[in-house]
Every structure is written in structure tokens, then in C-alpha cells.
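First up is the structure itself, then whatever we jot down about it.
The values are calculated or read from the model by the stated rules, or taken from the named source; none is laboratory data. Predicted model only: the values in this text are computed from it and were never measured. Neighbour counts are summed over all protein chains in view; Cβ atoms, including those assigned to glycine, are modelled from backbone coordinates with ideal geometry.
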There are 2 protein chains.
Amino acid sequence: MGHASDSSLMLKRMGIDTYQEPIVYMRADCHVCRAEGFSAQSRIRVTTDRASIIATLNVVRDGFLEAQQAGLSDAAWRLLEATPDQLATFSHPRTVESLSAVRGKIFGHPFQEAQLLAVLQDIAAGRYADIDLSAFLTACAAGGMSLDEVVGLTRGMVRVGECLTWNRALVVDKHCVGGLPGNRITPILVSIVAAAGVCIPKTSSRAITSPAGTADAMETLAPVDLDLATMRRVVEREGGCVVWGGAIRLSPCDDVLIRVERALDLDSDAQLVASVLSKKVAAGSSHVVIDIPVGPTAKVRTPQAGEMLARLLERVGREVGLQVRTVLTDGLQPVGRGIGPALEARDVVAVTRNDRDAPEDLRTRSILLAAETLELAGACAIGEGVARAQAILDDGRAWRKLQAICDAQGGMRTPPVAAHQVEVAARRRGMVTGFDNRRLARAAKLAGAPADAAAGVDLHVRIGTTVDAGQPLFTLHADTAGELTYAQEYLAAHPEIVAIAEVS
Amino acid sequence: MGHASDSSLMLKRMGIDTYQEPIVYMRADCHVCRAEGFSAQSRIRVTTDRASIIATLNVVRDGFLEAQQAGLSDAAWRLLEATPDQLATFSHPRTVESLSAVRGKIFGHPFQEAQLLAVLQDIAAGRYADIDLSAFLTACAAGGMSLDEVVGLTRGMVRVGECLTWNRALVVDKHCVGGLPGNRITPILVSIVAAAGVCIPKTSSRAITSPAGTADAMETLAPVDLDLATMRRVVEREGGCVVWGGAIRLSPCDDVLIRVERALDLDSDAQLVASVLSKKVAAGSSHVVIDIPVGPTAKVRTPQAGEMLARLLERVGREVGLQVRTVLTDGLQPVGRGIGPALEARDVVAVTRNDRDAPEDLRTRSILLAAETLELAGACAIGEGVARAQAILDDGRAWRKLQAICDAQGGMRTPPVAAHQVEVAARRRGMVTGFDNRRLARAAKLAGAPADAAAGVDLHVRIGTTVDAGQPLFTLHADTAGELTYAQEYLAAHPEIVAIAEVS
């Protein structure tokens, strides 16, 4: 353009966290705003000698910036890999071409596979504003997605991310569509399956809105923040691992879409299936067992909805080369006793080590899902999975495998114990009839989970337990008195988190 | 809640302009974020003793805020009518109920009128995030809107805003769906119609993305920023006015929806019709003439699309008690010579005063639309409107009326003239065959319009004009040398703004 220097400014990291949304801050009186006609909420292309992103403009006054500076939010700074005082140029972005396919979908034209790939490439590159993401998700939900479209979406998500490969014909994986607190089955299942000689290189997520993700809980037992080379060494040696997947960009669109879907409260099977299966394909899996908890406060609320989701997962799985087995499970209440990273890890150790007081529900469900995994992988005959999984757990092989995996990941740790522990008692006599899973999770978070690994909630009752007035229902764990107080105040305001019915 | 003081902070105006999006800035380590579990992009209810809004959280570090402070963007500050250091409390907002109707529409259920009203009330109160607005507009476009739904949308828009009433049975209005630079017909038409004794209390908008709105151009002739009482006195005395509608909240959802529609590039007749007609009903009009320019770079691109829009405007108008007459006009090129507030006002004066060199196209089109207005209002017989309008223009009554209206609005002014004027010449011999209206508007904005009222573009040619190489096509007007340079550089990069074909 010949006069590029006219539209350049020096970059400053503002220190403002807008989560995933790239924001650029400029003074209204700066020469670039005036020349280009930018105003608040303009979409602006920001280009350095290294990278180029599209960001939304916030106009600042007062003393935020010098005349020759432009500020970036944390997300914009990261995407641009910027350095302080680096020069950048600012221009009107070209139209994002793939949005015309989104407009087409709005007006009834199904997506072609190439169009979906283009949409996902643009999303991964940060070229979609939040309102564009919302329009894309709304159009998919409103128009419905055919099997071909879900397959195209899944393949597109695989292609825009990185992919792992393993020198094995058979690589298994396990996934839970989620919605229940606790339910920390993965480390137990990996230990059983790897001990049976089946390769299971598991990457897990950290908590987004829950009190703990699998990676958070596992981190209280061993390092999980492994690079790919280290992960490969662990899997080579032990046949399995439980590491954090965040260092590997398996499906870069996924978090972005999930955030907007969640904000819109727009659950769609198409997005869920593409999200889950694309990550499994990208992780190099050949066989996947998918746990679908069904319950009124779980993600899937009715058995009918569970069946529909299961069929779609299996059909799309077939198209993208994955053997998928789905299992509908009881999603009425938390599984295990602990809610929070360290408390969940304690349950995992208790079950794997065959402790006498290990939570029976977590043990049973882990055996069930491990059995499905072994059968799917052909490691035992159909119908013999439960006996096989149970034997591996009972004779100590699973416990030795968990210890070996933790050692290989960098050394086994003992989960921390919280400094403050306060019991919360039943207000009346009766029988426990239900849990508000959402509020239980909230209480654990107010107590400090997952940032404070030791914090959370430890349940002493399950549905069907009869209690006397004053009998402890659960114990709050917190590392500071302040957080303990927040959680206690919240519980005082919501006494019906554990429902108790009078029994005559 | 007993511990409200625990979730309160003192408000600070950050000095960050996020256009219409309310943003609240908080420190990650402040006790409210920790207690409530807020994180970046959380939606937060902010409540003072006076008002309550929902805002999006940006988390700040470093030295932006004291420990006991929360910051607000300009939009949040305005919506909350906040004062410095005022105390506010922060909580999780309740679910926005009307979003369930939007989700219903996504999955194929038509909106009921009461649901549309609830949606619009929530939008007007700032309870919809941008992604919610996008989902609403996308769902309307994807599902299509029935006549009943468009009527419900229009009535809802009327009900959430203020309404004007006039002590007249017959109140006329005029609207242009837009897309052409120049085309400053309104002040001329108001002068003719008011001189004929028909009441026309015109509220107009300022430019949003164009080089001039009617209010911007009129402001170079008289004050337009009138309160309602003053506007009433002007209309009482002169039978008409041309004032800025911004001081009166006739349709508070409108700007918000238009911003998101434009960003999505999602034109929908339903939204356009509801937007236009709701403002006319709210302004107290009984009869409306609507100008629909049709052309490849205008808003409406084909005669077929123009006809469909015209029929919908008329049918919905009937349902909401408005007599609507639509006129399809030629939208190939700018109307008049000036583009920019003062240059357009100069054309208005020239036509109204019957100057010999007044732009003929602007005169003709003003007479045509004034004629339609007079006929619709019953001020003359059908077929006699043109003669009547022309007579009022020719004999000086329109010019006297324009002067009287300007005087009543606060005193007539002379439009300013720019300090810098540079002619832009044809590069070759030939015939003018077309204009890139969008880029012409851009050049006028780079020259400083509409903020600098004198700035803009003055055209010397029209389609069909034959020119020699070096003959001036138009003149750039700018108040500063810098702005002149920006516009010149832009023109150098885009030489084909005026298309010239060789003639043999």
C-alpha cells in the first residue's frame, strides 16, 4: 500500500482478560482511528511481521495509552504472539468468506463438507466475532444437521487441529458426556485397561465450569502437564497415561464453540458429537467407549434423548473410522464421595488399592466401563469383561499400574488435605431422596475448587440413606477461613441441596 | 440476602467506549469475583440504589482499579446512570426468561405476540448479550417471519419505546430505506408539504455509517437538537420541522438490532419493516410515504425485492394503523451533487430557493415524493400532486417555509465551507457509466464527514456525462490537510470509483 507506516502503532499489553475474545484498545484521536474511520466495536485486522488477527475495537480515553500506542487484551496478545512495543498495522479486515456459507445455512442450504472446513478454519484463526459464532450455532440448530453435515463438522474439526499417531493398530479411549460431580472413573479405568495390555493414551481436560476436571484430579497424584515426547515415553513404557490435553491443540475450535453454546444454553447433539469424536480421532484412537449419564440434572435428561445421542455417536463414528460403544448410566447423583481435585483423587486411590471403605458406586461403575472397553478392544470375549476387569482390580494389578503410570509421568504424589473442614448436618430426620448436582458443584467451587486442589465437598450420604436430624450429610473442605465462609453462606441460603423426605 | 455489603464495590468510570455493550471491569483478586465465582466474560447483574443492568465481565490486572472498586464501560455507566464512587452490588443474573422463546423459534415454534414483546423489553433493558441478539436475529431469518410475527414485532417495538401524540387527525411522515449517498430530499419535502398545510413533524437520524444523516445536514441550516416541548412549538407554528430524533427514545431496540444485523450482514425484510413502521407509529404518524431506491449498490438490489418489501410494508402498516404508500426509485447513483452535511444542505437550499444551477435530479425526486405525500394525505386529488408540489416550489412558498422552520428551530444558519478543496480529474476520455456508492461514501468520510460538517465530496458528473481526460469528476472538501491526504491516498488506491467507458 506504500504508506503502511501511516497505519502503524506500537503494541501494549493492557492486562485485561476478555477470555477468548481478542480486543484492541485505541485512542479515538489516534491517527489510525481517524484515517481508517474506526469506531467502537469496529472489527480490525491487526498485523505484525509475524502474525495477523482480527480483533474488536474498544476506544479508550484518558491515560491508558500514548498517542503512538495500541493496547491488546490478553487473548489478542496471545493470538498475535506479540512483544512489548512491537509495531503493528491496522486495517479493515476483508470479508470473512465462510460467513456466506453460514448465511446460506440460515436460509436453508445445507453445508457442504468443504464449507464446514472453511468455517472451522476461520474460527480457529479467530476470524469469527462472538455474534458470528452465535449465528453459526443458531443456524445449525435451527436448520438441523444431517448425518453428512455432522460427519463434515467432525472431519473439519479434526483437520484444523493437530493429530497424534501411535504405532499400534488398536488404541482405545474413554469419554463421559458429563454433567455429574465426582464420577472420577478415568484413572481407575486406564489402570485396569493398561494392566490388561490394551493401549490407552488418555488426554483429559481441566475444569471449565466444574469443581474439577480429570486433569485437575490426576494432578494431585502425578504431573499431568507433559509435552508430547514425554507422553509418548509414558505410553511406550506403561501402555497408558492420564495427562492434560491442553498442551496439544487437538481441536482448537472446540473450546470456542462450547463457550458460546453454553452461554446460549443451546444444546445440540450435532455439536456434541462432532466435539467428542473429533478429539478422539485427533488423539489417534481406534476404539472409544462413551459413558452417557442420564438424569434430571445431568447433561442428558431422558433415556430417549440418551438413545438418540448414542445412535448418532455410533453412526458418525463409523463414518470417521472410529469404533464407538455407548453406555447409558444412572445420572441421578454424584458418583464417589469427593467433589474437588484431591477428594476425587483420594476416591480413585481407595478404589484402585481395594481399600475396605472405598466408595462402592465408583468401584462398580469403573468395573462396568472398563469391562466395556476390554470387550470393545477384543481383549476378552463378549460377556467376560466384568469378570476380567474385576480380577485385575482385585489382585492388585490395577493399583500397581496406577503407581507405575504416576511414576512414569514424573513421580507419584499424595493428594493434599484442606486446612479447614466443617461438617454440614441434616436439619431433620428422614431419607435422602435426591441431590441438586449443580448447587453441590457450586458449593465446592465457592470453597476454592479447583484452584485450591484440596478444597471441595465430601459426601457422607447417598439416595436412600436414612438420617437423623444433626447427622452429617457432607463435609466442606477449604484452605482458607474466608472461602469456608463463602461456601457456608451459600449453603445457608440454599438448604435444600440434599433433599430429605420424612419417613413414617 | 443479609450479607449484601459483602458483594458491593465502588463504581469507577473506566473511560472505555465499547459502543452499546455494557462491560464491567473487576480485579480477579477482588472479594466479589472470588465469592461469586465470576470469571472473564461472566454475565453479571450490577445493581445500585437507582438502577440495575446486566454487563459482561472483563478481568483487569495491574493498576486499573483499587481493591474496593469496579469499573464500568461508557455504555454501562450510561445505562446505570452511575455516579463516581457510588456503591453497587454484583450478583449472578437470573435467567433471561424471554430467551426460551428464542430457543423455541430456533426449533421451529413461531413467536406469539406476547413473547416478542418480552424479547424486546429485555433487549431494551440491556439484558441480551451480543450472542443472544445474534441468535434472535438468526432464528428470525432462518425460521422466516409470518405476517403475524412481523406485526407482533412492530407492535412490540412501539410498546417498549416512547410515543408522541399530536392534536391532529392527519400526521404525515416520509422515510427512505436508504443506501444512496446524498439524496437529501427530506428538508425540501417537509417545506413543500408543510407549506401545503399538511402536518409533518419529522424526526431524523444522524449518520451511523454514512457520511451524513438528515439531522447532520439539517444542523448546518438550523439547530436540530430540540427537546419535545420545543419541537411541539415549532410544529404548532409552522406545521413541520426537521429535528434529530435521538433525544426522544422512539424505538430503543432499533439501534441495537441494526448494529448486530449489519455486523452479520443479515438483511431481513421483517426486521426492516418492524424498524421503520414502529418508529412511524411511535412518532404519531397516520400516513407515511416510503422511498425504496433500487440499484446494485443500494440497499434493495432488484425490482422484485423492492416489490416484495413494498407489499410487506403496506400490509403490516394496515395492521398497525398506518396508511403506507411505497415508491420504488432509481438507486443507480447519488442524488444531488453534495455528499457530506454542508454540501448536501447547500443542494437543499439551491433546490428550495429555485437557484438556476440547483441539481435537477434532486429537484425532480423531491417533487415526486412530495406529490405522493400530498396525494396520500388527501391534500390534493390523485394525479394532481406533481403540479401542486411544483407550484409550491416554484412560487417561493417552499423556500419561505424552510426559512420559517429554521427560524422556529432556533435561527437559520449558512452551511460552512471547507478550508481545503481539491479537484479529482478523469484519467481518460469517455462516458461516465456508474458510481461505486460505497467507496464514494468512504472517501467523504476519510475527508472528515460527518464530524467536520464542511467535509465531503462534490460531484460534477452523472451517469451519461462525457468527459475529457483531466476534466474534474468531483471535488474533495476537507478542513485539514491531513484529512485531505487520507482521502487522496484512498482515491489513488481506488481509481475506479467513477467508472468511465471509452466512447468511439
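Couple of notes before you dig in:
- Some residue of the stretch A:198-221 being hydrophobic (A, V, I, L, M, F, W, C), more than 15 Å from the chain's Cα centre (by Cα) and in a helix (DSSP H, G or I): no
- Among the residues listed as A:Gly182, A:Gly240, the single one being at pLDDT 95 or above, under 22 Å from the mean Cα position of the chain (by Cα) and surrounded by 21 or more Cβ atoms within 10 Å (Cβ to Cβ): A:Gly240
- Among the residues of the stretch A:30-39, just one is of a type outside the set (A, V, I, L, M, F, W, C), part of a loop (DSSP other than H, G, I, E, B) and either buried (at least 21 other Cβ atoms within 10 Å of the Cβ) or without any contact (Cβ under 8 Å) to a residue 12 or more places away in the chain (or both), namely A:Gly37.
- Single residue of the stretch A:17-29 satisfying the filter (part of a loop (DSSP other than H, G, I, E, B) and under 20 Å from B:Asp130 (Cβ atoms)) that is farthest from the other protein chains (Cβ to nearest Cβ): A:Pro22
- Evaluation of B:Pro334 against (1) in contact with a Phe, Trp or Tyr (Cβ under 7 Å, 6 or more places away or on another chain); (2) at pLDDT 95 or above (one fails), failing number: (2)
- Subset tally (residues that are in a helix (DSSP H, G or I), away from chain A (no Cβ under 14 Å) and at pLDDT 90 or above) for the stretch B:40-91: 1
- Among the residues listed as A:Ala141, A:Ala118, A:Ala114, the single one being in a helix (DSSP H, G or I), of a type in the set (A, V, I, L, M), over 19 Å from B:Asp17 (Cα atoms) and within 14 Å of chain B (Cβ to nearest Cβ): A:Ala141
- Single unsatisfied condition, B:Gln304 versus (1) closer than 29 Å to B:Val498 by Cβ; (2) not in a helix (DSSP H, G or I): (2)
- Residue ID - nearest to the chain's Cα centre (by Cα), chosen from residues in the stretch A:1-19 that are at pLDDT below 80 and of a type outside the set (Ser, Thr, Tyr): A:Ala4
- Given (1) out of contact with any Pro (no Cβ under 9 Å at 6 or more places or on another chain); (2) at pLDDT 95 or above; (3) under 22 Å from A:Val193 (Cα atoms), number of the condition A:Arg311 does not satisfy: (3)
- Qualifying residue in the stretch A:276-284 (condition: in contact with a strand residue (DSSP E or B) (Cβ under 7 Å, 6 or more places away or on another chain) and part of a helix (DSSP H, G or I)): yes
- Where a residue in the stretch A:448-471 is under 11 Å from A:Pro211 (Cα atoms) and its partner, wherever it lies, is part of a strand (DSSP E or B) and β-branched (Val, Ile, Thr), with Cβ under 9 Å and at least six apart: A:Ala449/A:Ile339; A:Ala449/A:Val457; A:Gly456/A:Ile339; A:Val457/A:Ile339; A:Val457/A:Val424; A:Val457/A:Thr475
- Checked against the criterion of being outside the structural domain of A:Arg462 (by TED's automatic domain parsing), in a helix (DSSP H, G or I) and of a type in the set (D, E, K, R), the candidates A:Arg365, A:Arg356 yield just one match: A:Arg365.
- Within the stretch B:441-482, the set of residues being more than 14 Å from every other protein chain (Cβ to nearest Cβ), within 26 Å of the chain's Cα centre (by Cα) and either hydrophobic (A, V, I, L, M, F, W, C) or closer than 20 Å to B:Ile500 by Cα (or both) comprises B:Ala453, B:Ala454, B:Val457, B:Asp458, B:Leu459, B:Leu476.
- Unique match (being at pLDDT 95 or above and either in a loop (DSSP other than H, G, I, E, B) or of a type in the set (D, E, K, R) (or both)) among B:Arg168, B:Arg155: B:Arg155
- For the stretch A:483-504, the set of residues classified as more than 14 Å from chain B (Cβ to nearest Cβ) and in contact with a helix residue (DSSP H, G or I) (Cβ under 7 Å, 6 or more places away or on another chain) consists of A:Ile497 only.
- When B:Asp265, B:Asp254 are screened for being without any contact (Cβ under 8 Å) to a residue 12 or more places away in the chain, outside the structural domain of B:Ala381 (by TED's automatic domain parsing) and of a type outside the set (Lys, Arg), only B:Asp265 passes.
- Positions within the stretch A:297-315 being of a type in the set (A, V, I, L, M) and either exposed (fewer than 15 other Cβ atoms within 10 Å of the Cβ) or in contact with a strand residue (DSSP E or B) (Cβ under 8 Å, 6 or more places away or on another chain) (or both), in sequence order: A:Val300, A:Ala305, A:Met308, A:Leu309, A:Ala310, A:Leu313
- In the stretch B:102-121, the residues that are farther than 17 Å from B:Gln271 by Cα and either surrounded by 17 or more Cβ atoms within 10 Å (Cβ to Cβ) or touching a residue at least 24 places away in the same chain (Cβ under 8 Å) (or both): B:Arg103, B:Gly108
- Unique match (being within 14 Å of chain B (Cβ to nearest Cβ), touching a Gly at 6+ places or on another chain (Cβ under 7 Å) and modelled with pLDDT under 95) among A:Ala263, A:Ala207, A:Ala270: A:Ala207
- Conditions (1) surrounded by fewer than 20 Cβ atoms within 10 Å (Cβ to Cβ); (2) farther than 30 Å from B:Arg43 by Cα; (3) over 28 Å from the mean Cα position of the chain (by Cα); number of the one not met by A:Arg61: (2)
- The set of residues in the stretch B:7-16 that are within 8 Å of chain A (Cβ to nearest Cβ) and either farther than 30 Å from B:Ala263 by Cβ or of a type in the set (Val, Ile, Thr) (or both) contains only B:Ile16.
- Screening A:Ala481 on (1) small (Gly, Ala, Ser); (2) farther than 18 Å from B:Val32 by Cα; (3) in contact with a strand residue (DSSP E or B) (Cβ under 9 Å, 6 or more places away or on another chain) shows it passes everything except condition (2).
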